[in-house]
1. Given the criteria in contact (Cβ under 8 Å) with a residue 24 or more places away in the chain and of a type in the set (Lys, Arg), does Arg100 qualify?
2. (1) under 28 Å from the mean Cα position of the chain (by Cα); (2) more than 21 Å from Thr153 (Cα to Cα); (3) crowded, with 19+ Cβ neighbours inside 10 Å: which one isn't true of Val325, the others all being true?
3. Tell me, yes or no, whether the range 398-414 has at least one residue that is in a strand (DSSP E or B), closer than 30 Å to Pro186 by Cα and of a type in the set (Ser, Thr, Tyr).
4. Identify the single condition in (1) open to solvent by 60 Å² or more (accessible area, probe 1.4 Å); (2) more than 24 Å from the chain's Cα centre (by Cα); (3) polar (S, T, N, Q) that Thr231 does not satisfy, given that it satisfies every other one.
5. Test Gly394 against the stated conditions and say whether it is more than 19 Å from Arg508 (Cα to Cα), under 23 Å from the mean Cα position of the chain (by Cα) and open to solvent by less than 50 Å² (accessible area, probe 1.4 Å).
6. Give me the helices (runs of 4 or more DSSP H) completely within the range 1-91, filtered to those with at least 2 residues that are within 23 Å of Gly394 (Cβ to Cβ) and open to solvent by 20 Å² or more (accessible area, probe 1.4 Å), ordered by residue number.
7. Taking the conditions exactly as written (surrounded by fewer than 22 Cβ atoms within 10 Å (Cβ to Cβ), hydrophobic (A, V, I, L, M, F, W, C) and within 22 Å of Val324 (Cβ to Cβ)), does Val154 satisfy them or not?
8. Suppose the filter is without any contact (Cβ under 8 Å) to a residue 40 or more places away in the chain, open to solvent by less than 50 Å² (accessible area, probe 1.4 Å) and either part of a loop (DSSP other than H, G, I, E, B) or in contact with a strand residue (DSSP E or B) (Cβ under 6 Å, 6 or more places away or on another chain) (or both); does Ala320 pass it?
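The values are calculated or read from the model by the stated rules, or taken from the named source; none is laboratory data. What you are looking at is a predicted structure, and each value in this text was computed from that prediction instead of being measured. Cβ placement follows ideal geometry from the backbone for every residue including glycine, while neighbour counts extend to all protein chains displayed. The area values use the complete protein model at the heavy-atom level, side chains included, leaving out ligands, DNA and RNA. Shrake-Rupley method; radii C 1.70, N 1.55, O 1.52, S 1.80 Å.
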Amino acid sequence: MLLDDVARTSAAVAATSSRLAKTRLLAECLRRAGPAELPIVVAYLSGELRQRRTGLGYAALRDLPVPAAAPSLQVVDVDAEFERIATLSGSGSTTGRRERLRALLGRATAAEQHLLVGLVSGELRQGALDGVLTEAVAAAAGVPPTVLRQAVTVAGSLNPVAEAVLADGAAGLGRFRLVVGAPLRPMLAQSAPSLAEAFARTGPAAVEWKLDGIRVQIHRDGLDVAVFTRTLDDVTERVPELVERAASLPVTSVVLDGEAIALRADGRPLPFQLTASRFGTRLDVATARASVPLSTLLFDCLHLDGTDLVGEPGARRSEALASVVPATQRVPRLVADRAEDAQAFFDSALGLGHEGVVVKSLTAPYEAGRRGAGWVKVKPRHTLDLVVLAAEWGHGRRKGTLSNLHLGARDPAGTYGPPGGFVMLGKTFKGLTDAMLGWQTEHLLALAEGAADEWVVPVRPELVVEVAFDGVQRSPRYPAGMALRFARVLRHRPDKPANEADTIDSVREIHEG
């Protein structure tokens, strides 16, 4: 199968807003793929490379070669080349990876280049989300989508299920059953701006604290315990305290979902980086545990003593969880009929330093790997007015526009530089529409000053942007030791002078809670 077939399908999917049309286009492409090509095609149509880490960054995507005039790349050959790129290591490997990618792009047509750049950068905006692609696989195989989703829930990903069902039909789904010790993809939450909107989606619901920890799935089979992250990585050896707690539960077999988090003595969360550092520690785990112990806070039970609960309603799963896990190891929870009944609970979660709450339907099943309507997260949105200090040229579909913005807060006291200057807090290209990109490119080029290179354009600190973000984290990368988490641009504020932008002191207040 030619990569051009996948690239043209991706482009066609991106060009239509109809879910039915997307599903039809994807299903037709999947039917054309051979057995060896199918896992690759499923991954590419979902916007991902099969190699989780390639060592390729944005710099490798600068100055694309002239596209090939005619398609020649085979899907299996492209996958094999990315596998070779991913395994390069040692001295000169960075250059080697870039050279191999450039050679691959030189053999690609314009449509194929667009696809490959999107896959490498993780920005292939084609609208083929997991739900649409799952429906397309079901359509291609001639099986009900609900049956396919159940198999995907157990398998942990769409690829093996797609491979089986497209090869063997409904009979191929029989091999996908929940196995204690084999992780499932976690259920995800949609977002809502308020409790009222969340309850409008769920009806009467359970309201739980939303923690800024690491998602964990804990499996116990007899005396054997395994702990997995949301990306299904096995981290059992790094979190012995979680293993010990699971081993002490009065069960024979269980699969639990929840969070691991580092807490202060008063129960407030420590900075997220401390929790994350525990999961990155492979050596001297005992010392790491002593300095940053992890708490276990669980919120779901997917299997209990031989009974699978994935398809059961949320209320039933919660009862199973409470029957075997002590309250000290469960996420605080309130059942409420209306948003007004949950407001005080929401406020208390924020007051203790947590991110917000998750509103969970009492009747919804566990939809692994999906942002089902049954879970809705509600968080207060932080916003700041910050100043653009520089911008980076975009690539792929953003080529020719200034995209990634370097954002700074005012530093009136001159703590990190000259008084009245600005201190950088991070970068973002999120939230920018095509219209915003065009406007800011023209405006920022008029503000350009200093020594620009082929990638970054410094600008006079005059343009203010309103930025939303999820929080402030510690970061040695920036002068103030802080950076914004998940920043995205809401709007440009040309009406606002830079001397009215927010200060670094305001940022620190948010960071310190």
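1. Details: in contact (Cβ under 8 Å) with a residue 24 or more places away in the chain: no; of a type in the set (Lys, Arg): yes.
Taking the combined requirement at face value, the residue does not satisfy it.
2. (1)
3. Here is the first cut: in the range 398-414, the residues in a strand (DSSP E or B) are 399, 402-411.
After this cut, where a residue has to be closer than 30 Å to Pro186 by Cα as well, the list is none.
No: zero hits.
4. In the conditions (1) open to solvent by 60 Å² or more (accessible area, probe 1.4 Å); (2) more than 24 Å from the chain's Cα centre (by Cα); (3) polar (S, T, N, Q), Thr231 misses (2) alone.
5. Working: more than 19 Å from Arg508 (Cα to Cα): yes; under 23 Å from the mean Cα position of the chain (by Cα): yes; open to solvent by less than 50 Å² (accessible area, probe 1.4 Å): yes.
Considered against the rule, which asks whether it is more than 19 Å from Arg508 (Cα to Cα), under 23 Å from the mean Cα position of the chain (by Cα) and open to solvent by less than 50 Å² (accessible area, probe 1.4 Å), Gly394 comes out as yes.
6. Details: elements: 3-15, 19-32, 38-45, 75-87.
By residue number, 3-15.
7. On the way: surrounded by fewer than 22 Cβ atoms within 10 Å (Cβ to Cβ): yes; hydrophobic (A, V, I, L, M, F, W, C): yes; within 22 Å of Val324 (Cβ to Cβ): yes.
Spelling it out, Val154 is indeed surrounded by fewer than 22 Cβ atoms within 10 Å (Cβ to Cβ), hydrophobic (A, V, I, L, M, F, W, C) and within 22 Å of Val324 (Cβ to Cβ).
8. On the way: without any contact (Cβ under 8 Å) to a residue 40 or more places away in the chain: yes; open to solvent by less than 50 Å² (accessible area, probe 1.4 Å): yes; either part of a loop (DSSP other than H, G, I, E, B) or in contact with a strand residue (DSSP E or B) (Cβ under 6 Å, 6 or more places away or on another chain) (or both): yes.
When the stated conditions are applied, Ala320 passes them.
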